[in-house]
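The values are calculated or read from the model by the stated rules, or taken from the named source; none is laboratory data. Bear in mind that the values here come from a model prediction, so they are computed numbers and not experimental data. Neighbour counts are summed over all protein chains in view; Cβ atoms, including those assigned to glycine, are modelled from backbone coordinates with ideal geometry. For accessibility, only protein heavy atoms count, side chains too; no ligands or nucleic acids. Shrake-Rupley method; radii C 1.70, N 1.55, O 1.52, S 1.80 Å.
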Amino acid sequence: PVHRSPEMQEERLRLPILSEEQAIMEAVAEHPVVIVCGETGSGKTTQVPQFLYEAGFASDGGIIGVTEPRRVAAVAMSQRVAKEMNLSSRVVSYQIRYEGNVTEETKIKFMTDGVLLKEIQKDFLLRRYKVLVLDEAHERSVYTDILIGLLSRIVALRAKRLLPLKLLIMSATLRVQDFTQNRRLFPTPPPVVKVEARQFPVTVHFNKRTPLEDYGGECFRKVCKIHRALPAGGILVFLTGQAEVHALCRRLRRAFPHARRRPPDGGPGDAPAETRRFKKARARARKAQAAALPQISLDSYSVLPAGEGDEDREAEMDDEEAALGSDLDLDLGDDGADGGEEPPDASLPLHVLPLYSLLPPEKQAQVFRPPPEGTRLCVVATNVAETSLTIPGVKYVVDCGRVKRRHYDRVTGVSSFRVSWVSQAAADQRAGRAGRTEPGHCYRLYSSAVFSDLEPFPPPEMARRPVEDLVLQMKALGIERVVNFPFPTPPPAEALLAAEELLVALGALQAPPKAERMKQLRTARLSCPITALGRTMATFPVAPRYAKMLALSRPDGCLPYAITIVAAMTVRELFEELDRPAASDEELAALTARRARVAQARRAWAGRGAALKLGDLMVLLGAVGACEYAGCSPQFCAAHGLRYKAVLEIRRLRGQLTTAVNAVCPEAGLFVDPKMPPPSEHQLTCLRQIVAAGLGDHLARRVQSEDLLDDTWRNAYKTPLLDQPVFIHPSSVLFRELPDFVVYQEVVETTKMYMKGVSAVEVQWIP
Ligand code: ADP
Ligand code: MG
């Protein structure tokens, strides 16, 4: 039995899903697979696991498993459910890639869908689970889609063995026909239980014009108008990325400051002393500046030109959620109080909170708490607030209509972050956030004509990204003909082909005899069997190219180095973004000095001679080595321009990869050495060969002077994959070296095609 507190019980009873408990549990009793649809906030994620628990699905050793596409949600929801049920985190636990609190006593386990996929490799029948809940299926993440395909088979196998497994698929939208009407997936269509949420009417207001550039500024103006003119009720703003979110938070805090100083975020010690000193100096400078400003009549002050262009530059550099993390967080502490460029407004204070995936959980939790007395809540969010998390008390939604997505070129693998229009379905989800507790309003910062041109639904992720990692995992699971797999929506044939080709090139799959291969290529139905190397590669939780590097590294004592390099490449964005605009001359001076120091550190890590040839990967190795040697302190990271969070993730992944390597090769006897000595000359050569083997298809050759077609090709490289010139990124230590042949980690398109993570290779290694 569950002992909930009376307040908690009362709160639960208000959730629409409570009235469907019986319908859901009856469907689960009668059918192996059930789909539950209900609006965001109706209580699916928090309540369904509790229904299952109370119905006995966690008795006699069974576990209730719940998968989430986002780490944020796995952690937050396990904590919330533990609290509602009055159970400890030993019983209601979570597991995400790098961490978890699962114990022997765990009964309800929240995890990311990637974690469950790995478990399927260990035990295809998933015998520990009596029931699995796949949450947020409407998001159509690749892992969710693969899991649905796999589980459709696992459920059938478990039934044959008289060990029934129940599967619940939960969606925030009613668009589930890819699951119900796909006979290959589920021969008997699963029943759909709809949860009727008490959704209040939301009035949608379109802009007359559609700002093409400055939607951040438009958001700011709209929030100001709402706050000054409209009755109480929370405001939720949708922007596309972390940098935009922070920029708008700053502007709003300046415009509507709290009377008292906000307590500083985070305890002492998490901001390096140097930064604090510099902030104090900046605050003093700003106060002096503010005192000197002329008084402006606030009534006539509606357009605020200050600081505009900055946001766009910041947004461009905002590598989805990753790049800017740590130092932007530090910025929050003082901005509420010290004026700055925006003249403060005399009206009600605005309680402004940011929300995005990489925000630390403590800060995320703030959005669930009521705002301080006499203030209005304003949450500025990325699309995490669209369906994963429900924010209470929102009456006004401001929607910029855009979303930032990683865009892949399917043939070349080139990726770029693009801000694009949302789908109509996503826009309606966003609007719906305003009508949870009373009738609300949604302000769309674009015209109704633009809306009617939007695509009706977002394409599933499976249709948009490279699938080589999935194909390798599936082959390791014994699925030889990936084309025949019951995908809810199959990936494009050319993406599957490209994946098989790459895996054959890496030696993970066996190329069929030539005649057979031609036939398969003609019919676009490749089905290459996995090799022993491929099997080993599949046990490493990293992309196939990196897995190949690990699988090759055994003989030369290079493994600890290869593991470190692979961990650092996988975590991405080890280095803080220092290329950002400065708010004042003082800040500019400090930034410039820091950039110079950090550049010097990078050159030192890169070394000379053989080490320098390993290039940016040597910098990664040197940075992680030096940081571990110094005990990984936040101070060290701040002083050397490293993201502390990335450093910790790399450490965890090194541990994980070391365990994985020891598992396939026990005689290696590896351990994570915090005092790893630098690699020897011989090891460096081996490492470069290993890197060349893993990144072999990412080869680029410097354009020779005789090939120079015109100026655009100066210092350019040619790759087999692209017709355009590609360049070594200016942040690379090889930017000035310009080796004849290089391999690169990725090509990212910004103003040009830039190679990142560059290493020099020798011609004789090239296959
Ligand atoms: P769904 O999964 O259907 O979107 P949830 O189960 O996530 O709905 O949320 C149900 C309710 O619980 C919402 O009203 C939400 O505001 C509330 N809730 C969820 N998480 C928390 C939390 N950490 N703190 C307070 N309330 C929460
Ligand atoms: Mg949910």
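Positive end of the charge dipole of region 617-735 (Lys, Arg +1 and Asp, Glu -1 on Cβ, about the Cα centre): tell me which of F727, P666, C637 has its Cα farthest that way.
The residue sitting most towards the positive pole is C637.
For region 609-767, how big is the tail of P(r) above 18 Å, as a whole percent of Cα pairs? Before the final figure, lay out each step's value.
Values: 8236 of 12561 pairs.
For region 609-767, the fraction of Cα-Cα distances above 18 Å is 66 percent.
Can you give the charge dipole size of the chain about its Cα centre, rounded to the nearest 20 debye, using +1 on the beta carbon of Lys and Arg and -1 on the beta carbon of Asp and Glu? Please list the in-between numbers first.
Working: 100 positive and 93 negative charges, 207 e Å.
Dipole magnitude for the chain comes out near 1000 debye.
How long are the three semi-axes of the equivalent ellipsoid of region 130-195, in whole Å, if each is the root of 5 times an eigenvalue of the C-alpha gyration tensor, listed from largest down?
On the way: eigenvalues 76, 31, 29 Å².
Each semi-axis is the square root of five times an eigenvalue, giving 20, 12, 12 Å.
Restrict the search to region 108-162; then list the chymotrypsin sites (Phe, Trp or Tyr not before Pro) that DSSP places in a loop and that have at most 16 other Cβ atoms within 10 Å of their Cβ.
In loop regions of region 108-162 (DSSP not H, G, I, E or B), the sparsely surrounded chymotrypsin sites (Phe, Trp or Tyr not before Pro) are F124.
Which percent of the accessible heavy-atom area of region 617-734 goes to carbon and sulfur, probe 1.4 angstrom?
That fraction is 56 percent.
May I ask for the percentage of alpha-carbon pairs in region 1-137 that lie more than 17 Å from each other? It would help to have the intermediate numbers written out before the result.
Details: 5406 of 9316 pairs.
So the pairs more than 17 Å apart make up 58 percent of the total in region 1-137.
Distances over 17 Å make up what percent of all Cα-Cα pairs in region 20-73?
41 percent
Dipole magnitude of region 636-767 about its Cα centre, charges +1 at Lys/Arg Cβ and -1 at Asp/Glu Cβ only, in debye to the nearest 20?
660 debye
So if I take the centroid of the Cα atoms in region 632-684 and the same for region 543-605, what is the distance between those two points in Å?
What the calculation gives is 13 Å, centre to centre.
Please list the radius of gyration and Dmax for region 80-194, considering alpha-carbon atoms only, with Å as the unit.
Answer for region 80-194, Rg first and Dmax second: 14.9, 42 Å.
Rg and Dmax of the chain over Cα atoms: what are they, in angstrom?
Expressed in Å, the Cα Rg and Dmax of the chain come to 27.0, 82.
Using all alpha carbons of region 198-262, what is the percent of pairwise distances in each 5 Å bin, ordered from the shortest bin to the longest?
Answer for region 198-262: a P(r) of 3, 12, 22, 25, 19, 12, 5, 2 percent.
If I model a spin label as a point 7 Å beyond the Cα along the Cα-Cβ vector, how far apart are those points for E21 and S59 in nm?
1.6 nm
Run the 1.4 Å probe and let me know the accessible area of T750, rounded to the nearest 10 Å².
My reading of the accessible area for T750 is about 80 Å².
Provide the packing ranking of 622-631, 439-448, 175-184, i.e. peptides ordered by the mean count of other C-beta atoms within 10 Å per residue, highest first.
So the order, starting with the most tightly packed, is 439-448, 622-631, 175-184.
Take the alpha-carbon positions of region 110-252, form their convex hull, and give its projected area averaged over all directions (one quarter of the hull surface) in nm².
13.2 nm²
Using the charge dipole of the chain (Lys, Arg: +1 at Cβ; Asp, Glu: -1 at Cβ; taken about the Cα centre), state which of C528, N207, P370 has its Cα farthest towards the positive end.
After comparing all options, I get C528.
Can you compute the modelled spin-label distance between Q424 and R153, with each label point 7 Å from Cα toward Cβ, in nm?
3.7 nm
Which far-off residues, 5 or more places away or on another chain, put their amide H under 5 Å from the one on L642, with H placed in the peptide plane?
So L642 has HN proximity to E576.
With r as the distance between the Cβ atoms of F671 and E455 and R0 = 60 Å, compute the FRET efficiency 1/(1 + (r/R0)^6) and round to 0.05.
The computed FRET efficiency comes out at 0.75.
Taking 1 over the mean of 1/r across every pair of different Cα atoms in region 393-480, what Kirkwood radius in Å do you get?
Result for region 393-480, one decimal place: 15.6 Å.
In the chain, what percentage of the DSSP-assigned beta bridges are antiparallel, given to the nearest 5?
30 percent
Using only Cα positions of region 594-690, each an equal point scatterer, no hydration layer, compute I(q)/I(0) via Debye at q = 0.12, 0.14 Å⁻¹ and quote the log10 values to two decimals.
Results for region 594-690 at q = 0.12, 0.14 Å⁻¹ read -0.43, -0.58.
About the Cα centre of region 398-471, what is the dipole size in debye to 20, counting +1 per Lys and Arg Cβ and -1 per Asp and Glu Cβ, all else neutral?
220 debye
Mean projection of the alpha-carbon convex hull of region 451-571 over all orientations, in nm²?
Its Cα hull, projected and averaged over all orientations, spans 10.0 nm².
Provide, for q = 0.25, 0.34 Å⁻¹, the log10 of I(q)/I(0) from a solvent-free Debye sum over equal Cα point scatterers in region 353-395.
Treating every Cα as an identical point scatterer, log10 I(q)/I(0) equals -0.92, -1.50.
Do any GluC sites (Glu not before Pro) in region 734-765 lie in a loop, going by DSSP, with at most 13 other beta-carbon atoms within 10 Å of their beta carbon, and if so which?
Within region 734-765, no GluC sites (Glu not before Pro) qualify (loop, at most 13 other Cβ atoms within 10 Å).
Counting only heavy atoms of protein chains, what accessible area per residue, in Å², does region 27-100 have with a probe of 1.4 Å?
Solvent-accessible surface per residue comes out at 32 Å².
So if each residue of separation counts as 0.36 nm, and I subtract the Cα-Cα distance between A232 and L497, what length gain in nm does that give? Please report the intermediate quantities before stating the final value.
Details: separation 265, 0.36 × 265 = 95.40 nm, distance 5.56 nm.
Full extension from A232 to L497 adds 89.8 nm.
Starting from the Cα gyration tensor of region 178-219, take the square roots of the eigenvalues, sort them a ≥ b ≥ c, and report rounded, prolate or oblate (rounded when a/c is under 1.5, otherwise prolate if a/b is larger than b/c, else oblate).
Oblate, because a/c is 1.5 or more while a/b does not exceed b/c.
Which shape class applies to region 655-695: rounded if a/c is under 1.5, otherwise prolate when a/b exceeds b/c and oblate if not, where a ≥ b ≥ c are the square roots of the Cα gyration tensor eigenvalues?
oblate
Just how far, in whole angstrom, is region 9-57 from region 145-159 if you go by their alpha carbon centroids?
22 Å
Using R₀ = 25 Å, calculate the FRET efficiency as 1/(1 + (r/R₀)^6) where r is the Cβ-Cβ separation of R406 and D579; round to 0.05.
0.80
Run the helix sum for the chain: -39,500 (n - 2.57) per DSSP H stretch of 4+ residues, divided by residue count, reported at 222 nm to the nearest 500 deg cm²/dmol.
Working: 28 runs with 313 residues, N = 767.
So the calculated ellipticity at 222 nm is -12500 deg cm²/dmol.
Restricting to Cα atoms and excluding each atom paired with itself, what does the Kirkwood estimate give for region 525-623 in Å? Can you show the working numbers first?
Values: mean 1/r = 0.0615 Å⁻¹.
The answer is 16.2 Å.
Considering the options I391, Q745, P513, tell which one lies farthest towards the positive end of the dipole of the chain, charges being +1 on Lys and Arg and -1 on Asp and Glu at the Cβ, about the Cα centre.
The Cα lying farthest towards the positive end belongs to P513.
How much length would be gained if the chain were fully extended between L738 and R714, taking 0.36 nm per residue of separation minus their Cα-Cα distance, in nm to one decimal?
7.5 nm
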